């Protein structure tokens, strides 16, 4: 999927933030690859990834860190950035919950892409539940870092609409993101909460968003009667 993705154009700056989908690779992997291919020229400059994704299986108030010290995929282990954890774990909107992470796919499906493209990096994985945009933005601003830190927000778009309706809804959602309007709901994006928090931070920091890919499961590996939408974005400082 990475081999088939378009890399960054010559002179394109390093992304500070990516938004990418988290469905099964056969459905959304090529759209995610469009985002991760943008990192190939900058891999040696990325040391840490802040990864936020929505809670699907366990109710979470605020944002949940894992208690574990590393994550593991078939490509190897990734250390959790314990200094970053200590920096944010005392915030009232942050909890520690292995239960929230145990069966949560929205974070882990991104890790093989990051391992393949970036190589070695430390990770701050946050499952996002019921939280305000400001609560999410506060954590992002604390962990923002410099060029060594990449932020990834995990989200699919609309769910189970007919193909023409999904295309219209997802185009509107993409335009809302491009305008940095933190107004998404969970019918538009399952990761609306972390995206809205990102948009608050991105607006305050003057980031410029770019839409990289916008498709749905009807374009990749599913029928067009009930589709799930996917998009990838890059934000540049």
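Binning every alpha carbon pair distance of the stretch 49-108 at 10 Å from zero, what are the percents per bin?
21, 58, 21, 1
In nanometres, what is the gap between the two model label sites at residue 105 and residue 237, each 7 Å from Cα along Cα-to-Cβ?
Computed distance between label sites residue 105 and residue 237 equals 3.4 nm.
Who wins for biggest fluctuation among 18, 107, 91 in a Gaussian network model of the chain, springs between alpha carbons below 10 Å?
91
Determine the calculated [θ] at 222 nm for the chain from helices alone, applying -39500 (n - 2.57) to every DSSP H run no shorter than 4 residues and normalising by the residue count; nearest 500 deg cm²/dmol.
-8500 deg cm²/dmol
Quick one: length gained pulling residue 12 to residue 204 fully straight, 0.36 nm per residue minus the C-alpha distance?
Gain on stretching residue 12 to residue 204: 66.9 nm.
Highest mean first, what order results for 93-99, 155-161 on Cβ atoms within 10 Å?
In descending order of packing, they fall as 155-161, 93-99.
For a footprinting-style exposure proxy, rank 36, 163, 230 by other Cβ within 10 Å, fewest first.
Going from least to most buried by this count: 163, 36, 230.
Could you work out the equivalent-ellipsoid semi-axes for the stretch 152-235, taking the square root of 5 times each eigenvalue of the Cα gyration tensor, largest first, in whole Å?
Over the Cα atoms of the stretch 152-235, the semi-axes work out to 23, 12, 10 Å.
Over the chain, what is the percentage of antiparallel beta bridges among all DSSP beta bridges, to the nearest 5?
50 percent
What is the chain's relative contact order, in percent, from Cα pairs under 8 angstrom and six or more apart in sequence?
29 percent
Please arrange 88, 6 by counting, for each residue, the other beta carbons lying within 10 Å of its beta carbon, fewest first.
The fewest-first ordering by Cβ neighbours comes to 6, 88.
Counting each pair of different Cα atoms once, what's the Kirkwood radius of the chain in Å, rounded to one decimal?
So the Kirkwood estimate lands at 17.5 Å.
7 Å from Cα along Cα→Cβ at both residue 77 and residue 172: what's the point-to-point distance in nm?
4.8 nm
Could you check the spin-label model distance between residue 44 and residue 68? Points 7 Å from the Cα along Cα→Cβ, value in nm.
Computed distance between label sites residue 44 and residue 68 equals 3.2 nm.
Values quoted throughout were computed directly from the atomic coordinates according to the rules given, and no laboratory measurement underlies them. Note that the structure is predicted; figures quoted are calculated from it, not measured. Note that each Cβ is placed from the backbone with ideal geometry, even for glycine, and that neighbours are counted across all protein chains shown.
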